[in-house]
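Read through the structure below, which is laid out as structure tokens, and then see the notes.
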Amino acid sequence: MESFSRLAPITTFQASLTGSQGKRYNVLRDRVDSWDYNIDQLVLGTMLFTLVAFLAPTVIVYYALFALVSLFVQHTSSGH
């Protein structure tokens, strides 16, 4: 059985896709129902999705770059 931490990004991505298609997950009936969003909800959802879509890769690359630099510095400084 997979852990929640591995499945959380997948379910978040699926929820954002179904939300942008005018559908939402009904927890009580365990199905996806159609849903009419008003303009404020659509604009907010679009803005949040855009922020996450562009910031997530930037943060991941930033973290990976400085993790590699840190490992390189630690490796070279410990190798007397």
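Annotations for the structure displayed:
- Residue count for segment 58-80, restricted to those that are surrounded by 10 or more Cβ atoms within 10 Å (Cβ to Cβ) and of a type outside the set (A, V, I, L, M, F, W, C): 4.
- Residue within segment 33-40 that is at pLDDT 90 or above and in a helix (DSSP H, G or I) present: yes
The values are calculated or read from the model by the stated rules, or taken from the named source; none is laboratory data. Please read all numbers here as calculations on a predicted model, not as lab measurements. With ideal geometry, Cβ positions are generated from the backbone for all residues, glycine too; neighbour counts draw on all protein chains shown.
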